[in-house]
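> Submitted below is the structure of interest, expressed as structure tokens.
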Amino acid sequence: MTARLLEDVLPLDGRVNSNGVRRHTHRVARRCERDLLAEPDTEPRAEDWPTDNIPPPKPAITVGLDGGYIRSPDAPNRNEGWFEVIAGKSTVQKGSSSCFAFVHRLDRHARARIGSVLKSQGLVYHQPVTFVTDGGDAVRSWPKRLHPRAEHVIDWFHIAMRFTVLKQMVKGISIPGANPDDPDDHPERLLVSAKWFLWHGNVRQSLQRIDTLIELIEHDERVQEGPERRKLARTLNELYDYLESNRDLIPDYGDRRRHGEAISSSIAESTVNQVISRRFVKKQQMRWQPETAHLLLQVRTRTLNGRLRETFQRWWPAMTPVSAPALL
């Protein structure tokens, strides 16, 4: 499609070959990768600032990180052979946003890549940065390595969805002779209480409620044995382990919301759809090599950020500046 479009709009003598377009795209991406590694670290550190002339901190930058999956050419069937792509978007209060993406298992320069995006938005060393993620293992260790004042917050939407699923599952569990005055004897009330404590950042109390509910489901003889019971117990244990492993990243969501601070990584989820799904997954029934997908992602994100032409002008200074708005 790209080759046919170029033939229609450009005054070219020869035929545009799709393989040639692909090779040129990969060449551009590889040069962008070399430029990324060659970028000097010009940001002054804390010890470089005069103690009596420290500039006031800028508003916080919010970075949403999420993962998506692309099908590999080695996939034996529709359920296997996928590799992970990390996509994210950084936003500045009353400012622009920039997206980035890379193949997690292939990219060894994720720190420099995200740092370059943050620097392009004017980040300074003493400016706070909030990372909102789903708490996955792939992104848990990044924030502190990326910036000394980074704050890592677990996305409330992912937590709320887990409770929504459990609420539907609990409805199918009946406890004959439950004490109406004892909240620990009612699965639904325990679940609502656990979610309420979690919203207010009280992880310890929330885990206690979930643990009580697990004991009730697994060991109370009044609960009828069956696949629903076993599935509910397994899901509750998974939630408990998830919250326990991420307890240091769970803030007081209610307080953050009242102060207008980020509690959701919805910006990252929309970025996954925009950067990955539309081109690689949904209507493009193709299989991708990890390296090929990674290179295309670098060109695609620069295009979405409006920085690809800026990159070309840096490589070729004689390139004519844009005098009209770009067509979207």
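> Once you place label points 7 Å from the Cα toward the Cβ at HIS26 and MET319, how far apart are they in nm?
Result: 2.2 nm between the two label points.
> Next question. What list of ³J(HN,Hα) values in whole Hz, one per residue of the range 117-129 in order, does the Karplus curve 6.51 cos²θ - 1.76 cosθ + 1.60 (θ = phi - 60°) give from phi, with Gly and Pro shown as x?
Coupling constants for the range 117-129: 5, 5, 5, 5, 9, x, 5, 10, 4, 9, 8, x, 10 Hz.
> Neighbouring Cβ atoms within 10 Å as the yardstick, rank THR130, THR292, THR164 fewest first.
Arranged by neighbour count, lowest to highest, THR130, THR292, THR164 become THR164, THR292, THR130.
> For Cα pairs less than 8 Å apart in space and 6+ apart in sequence, what is the mean separation divided by the residue count of the range 157-249, i.e. the relative contact order in percent?
Value for the range 157-249: 29 percent.
> Also, quick follow-up: For a Förster distance of 56 Å, can you work out the FRET efficiency between the beta-carbons of LYS171 and ASP74, rounded to the nearest 0.05?
Computed FRET efficiency for LYS171 and ASP74 comes out at 0.85.
> Can I ask one more? What is the sum of charges, Lys and Arg at +1 and Asp and Glu at -1, for the other residues whose Cβ falls under 10 Å from the Cβ of SER98? Before the final figure, lay out the partial values.
Values: positive: LYS89, ARG302, ARG307; negative: none.
Counting the neighbours of SER98, the net charge comes to +3.
> Which length gain, in nm to one decimal place, applies between ARG15 and ASP255 when the Cα-Cα distance is subtracted from 0.36 nm times their residue separation?
Fully extending the segment from ARG15 to ASP255 adds 80.3 nm.
> Between the range 101-125 and the range 193-216, what is the separation of their alpha carbon centroids in Å?
Measuring centre to centre over Cα atoms gives 36 Å.
> Distance in nm between label sites at GLU215 and ASP137, each 7 Å beyond Cα in the beta-carbon direction?
With each label point 7 Å from Cα toward Cβ, the separation is 3.1 nm.
> Going by how many other beta carbons lie within 10 Å of each one, how would you line up ILE175, ILE267, fewest first? Don't skip to the answer; put the middle values down first.
Details: ILE175 15, ILE267 20.
In order of increasing Cβ crowding within 10 Å: ILE175, ILE267.
> For the range 157-249, what is the charge dipole size about the Cα centre, in debye to the nearest 20, if Lys and Arg each add +1 at the Cβ and Asp and Glu each add -1 at the Cβ?
Rounded to the nearest 20 debye, it is 440 debye.
> Tally Lys/Arg at +1 and Asp/Glu at -1 over every other residue whose Cβ is under 11 Å from the Cβ of PHE157; what's the total?
-3
> Something else about it: Given H placed 1.01 Å from N in the peptide plane, which residues other than close sequence neighbours of ARG140 have an amide H under 5 Å from its amide H?
none
> Once the piece of chain linking ALA112 and GLU225 is laid out straight, how much longer is it, given 0.36 nm per residue of separation minus the C-alpha distance between them?
Result for the pair: 35.4 nm of gain on full extension.
> Per-residue HN-Hα couplings for the range 84-90, Karplus 6.51 cos²θ - 1.76 cosθ + 1.60 at θ = phi - 60°, whole Hz, x for Gly and Pro?
Those phi angles translate into 8, 10, 8, 10, x, 9, 10 Hz.
> Arranged by the count of other C-beta atoms within 10 angstrom, fewest first, what order do HIS200, HIS259, HIS24, HIS294 take?
On the way: HIS200 14, HIS259 8, HIS24 11, HIS294 22.
Result, fewest neighbours first: HIS259, HIS24, HIS200, HIS294.
> In straight Cα distance, which aspartates and glutamates are under 17 Å from LYS89, not counting same-chain residues fewer than 8 positions off?
ASP66, ASP134, GLU151, ASP155, GLU261, GLU269
Throughout, read-outs are computed from the coordinates displayed, never taken from laboratory work. All figures in this text were calculated on a predicted structure; none of them were measured in a lab. So basically every Cβ, Gly included, is an ideal-geometry build from the backbone, and we count neighbours across all protein chains shown.
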